Amino acid sequence: GKYMGKKERTFERIYAEHYQQVYSFLHKLCRDGSAAEQLSKQTFLQAYKDIIHYKEQCEMGTWLLSIAADEYLKYLYGKASDSFEVNFYITDPEAPLSEEPGYRLMKDVDISEVKRVLTALPEKDTEVLLLRIYGEIPYKEIAGLMGISADSAKLIFIRTKEHVKEELFHD
């Protein structure tokens, strides 16, 4: 309203413009509307605190999704129950359709397996994986966010995806 400071007004606009993107990214990850909503709120709260650190090296949406990815991982690691459903699929959005079924883990995954695999990875690798697959963020954007080259981002993605596939589909 009328009495808000500039930061609040600016942030209200950021929220309005990006809420849907953040929410749908999180919803794809946890397949649970209320969890996605809760995580979206936490994402914007965190972003509001950290906005000073946003250096415009990437789109605002990309920056927000990286915060959302962190919030999701906290949620994942904090889940007491090991039996909630995770549709964890690992495929590059650009992969040919023929590849899809083999990469998708659309059955109930033992969440402790997913946790184990993701926790063992460097955080940056997990973030690249989640942003690329679930956020459909281009490598150039991920590169800007992380201060690396687009080729490095692509390399991290491919290496991480192969590793996760190996770990989860080894049988």
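Any read-out appearing in this document is the output of simple, stated calculations on the displayed coordinates, not a laboratory observation. All of these numbers come straight from a predicted model, not from anything done at the bench. Note that we place each Cβ from the backbone using ideal geometry, even for glycine, and neighbour counts take in every protein chain shown.
Structure above, values below:
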{"quantity": "Pairwise label distance in nanometres, Ser152 with Asp32, each label 7 Å out on the Cα-Cβ vector", "calculated": "3.5"}
{"quantity": "Whole-Hz couplings from phi, Karplus 6.51/-1.76/1.60, listed for the range 159-167; x for Gly and Pro", "calculated": "4, 5, 4, 4, 4, 5, 4, 4, 5"}
{"quantity": "Pairs beyond 29 Å (Cα-Cα), from Lys74/Lys154; Lys55/Lys154; Lys7/Lys154; Lys7/Lys161; Lys7/Lys74", "calculated": "Lys7/Lys154; Lys7/Lys161"}
